[in-house]
Structures are given as C-alpha cells and as structure tokens.
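Working notes, beginning with the structure itself.
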Amino acid sequence: MAAGTVPNLENKLFVGGCPPTSDEEALRAIFEKHGTVDEIFIMRGGSRSGMACAFVRFATQETAQRAIDAIHGNVTLPDASEPLVVRWADAPGSRGRESRGRQPNERRRSGGDRRSGGGGGGGGTSRS
C-alpha cells in the first residue's frame with residue numbers, strides 16, 4: 001500500500017509544501033474548517049528546497065480524512081508555488097530506517113568478495 005494512504009491511530013496528517021513563512025495560525029485556519037484540530041507542529045529547515053512541512057493532528061479520523069479530501073492539491077499557501085500535499089502521516093520509525101539499513105549492507109556485499117581475499121584456508125589442521 002502506498003505511503004500516506006492508511007489512517008494512523010493519532011489522526012495525524014503530514015502536510016508538505018508549506019513555505020518557510022508558514023505559521024500555526026494560517027494552517028489552523030485552513031484545517032479547522034474540516035474539524036477540531038488538536039495540534040499543529042511545523043518543521044522548518046530540513047529540506048533542500050527550503051520549504052517547510054507540518055503535522056496536523058485531528059480529534060477524529062473522519063475529520064482528518066475530510067481535510068485530506070478537501071485540501072490535498074487544492075489549497076496553495078501565500079509564498080508557495082505549489083498546492084499543499086496532505087496525506088496520513090507515517091507511523092513513527094516506519095519510513096527510511098529499513099532502506100537506510102539495507103543500503104550499506106548491500107554495498108558491503110557487492111564489494112566484499114574483492115576485499116575479503118577469499119578466506120585463505122589456514123592449513124586445515126586445527127580441530128575444535
């Protein structure tokens with residue numbers, strides 16, 4: 001299943017495409033039209049594009065889904081060139097950890113044959 005398509009227990013949404021000038025009041029005004037917003041957290045400075053992202057937590061799953069349906073791809077904030085991306089937030093720790101953990105191992109395996117020297121044999125007289 002595609003990332004961001006499955007509801008989470010916290011009713012938390014990921015909001016991408018926020019300009020760095022975004023503030024909680026502006027986001028709350030957009031999202032509260034669709035239901036009670038319990039929390040908004042804005043993350044700035046982590047993207048190469050200079051854009052910010054946010055997490056918006058709703059009181060219920062139903063209101064969160066209504067917000068996704070209404071806002072995703074339809075609302076553009078001032079100072080943004082693209083509409084907001086709104087989807088279900090991933091569960092903590094579910095993205096990136098596995099793929100980041102695999103990449104170094106895959107690199108080691110692909111280059112391991114050249115560096116290991118083939119094992120050597122060691123004489124064959126040792127018994128345990």
Could you sort 43, 51 by accessible area so the largest value comes first, with the probe set to 1.4 Å?
-> 43, 51
Principal axis dimensions, region 4-81 - Cα atoms, whole angstrom, descending = 32, 21, 20
Residue separation times 0.36 nm, minus the C-alpha to C-alpha distance between residue 82 and residue 9: what's the value?
-> 23.4 nm
What does the charge add up to near residue 30, with Lys and Arg as +1, Asp and Glu as -1, over the other residues with Cβ less than 12 Å from its Cβ?
-> -2
Given charges at Cβ of Lys, Arg, Asp, Glu: region 1-48 dipole, positive-most of 40, 27, 6 | 6
Heads up, I need the accessible area for residue 68: 1.4 angstrom probe, whole protein in place, Å², nearest 10.
-> 20 Å²
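The values are calculated or read from the model by the stated rules, or taken from the named source; none is laboratory data. This structure is a prediction, so every number in the text was calculated from the model and none was measured. Heads up, the Cβs are rebuilt from the backbone with ideal geometry, glycines too, and the neighbour counts pull from every protein chain shown. Keep in mind that these areas ignore ligands, DNA and RNA; they rest on the heavy atoms of the full protein, side chains included. Shrake-Rupley method; radii C 1.70, N 1.55, O 1.52, S 1.80 Å.
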